[in-house]
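Read-outs: derived from the displayed coordinates by stated rules, not from any lab. Nothing here was measured: the structure is a model prediction, and the numbers come from that model. Cβ coordinates were reconstructed from backbone atoms using ideal geometry, including for glycine residues, and neighbour counts include every protein chain displayed.
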Amino acid sequence: MDRKFLKEQEAYFLKLMDDIRNKMSKFTGTHLTNGDLVDQTLTRDENNKNIKLNKRLSSFLKKITYSLHLIENEMYGTCEECECTISKERLKARPTATMCVECKEAQEAYERCTHKNRSIHQVQWMNVSNKIQ
Ligand SMILES: [Zn+2]
């Protein structure tokens, strides 16, 4: 992965982290104890929505932190399964991707599948995982 691209991704992640932290600080929740039942219910719903949103943002924040860690350790853009280089197109579309398209699709197919055909996907998944070795 070339340095210029890594620098761009790093700058993007740092900016995104700032944005997310700003957003999260706004969702600390309102604690309305006054008002009628409708107000209280609306506030509770709003708080629950914010809690969910905060959870999503903090999980995204973890992914970003991990991507920055990968950049720092010169591992960014390397598929965690097959160790091939993840395409720039994929990293631009999904900057926190840790797997190449083939591995991700195989993993998703395996996870989606329940019961009887699962073993087929597991074999495909293992084949993809081992393709470089
Ligand atoms: Zn892969």
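Restricting the GluC sites (Glu not before Pro) of region 65-110 to loop positions (DSSP other than H, G, I, E, B) with no more than 16 neighbouring Cβ atoms within 10 Å leaves Glu74, Glu80, Glu83. Report, ordered by chain and residue number, the aspartates and glutamates lying within cross-link reach of Lys26, taken as a straight Cα distance under 14 Å and ignoring same-chain residues fewer than 8 apart. Result set, ordered by chain and number: Asp18, Glu46. Remark: the Glu74-Cys113 segment gains 10.6 nm on full extension, using 0.36 nm per residue and subtracting the alpha carbon distance. Indicate the gyration tensor shape class of region 40-121 (rounded, prolate or oblate), computed on the Cα atoms with a ≥ b ≥ c the square roots of the eigenvalues: a/c under 1.5 is rounded; otherwise a/b larger than b/c is prolate and the rest oblate. Oblate is the answer for region 40-121, as a/c is 1.5 or above yet b/c matches or exceeds a/b. Annotation: aspartates and glutamates with alpha-carbon distance below 20 angstrom to Lys4 (same-chain offsets under eight excluded): Glu72, Glu74, Glu89. If r is the Cβ-Cβ distance from Thr85 to Glu46 and R0 is 41 Å, what FRET efficiency results, to the nearest 0.05? Calculated value: 0.40. Under 5 Å between amide hydrogens, built in the peptide plane, is the criterion, and for Thr78 it picks out Ile86 among residues at least 5 positions away or on other chains. What shape does region 3-76 take by its C-alpha gyration tensor, where a ≥ b ≥ c are the square roots of the eigenvalues and a/c under 1.5 counts as rounded, a/b above b/c as prolate, and the rest as oblate? Cα axes put region 3-76 in the prolate bin.
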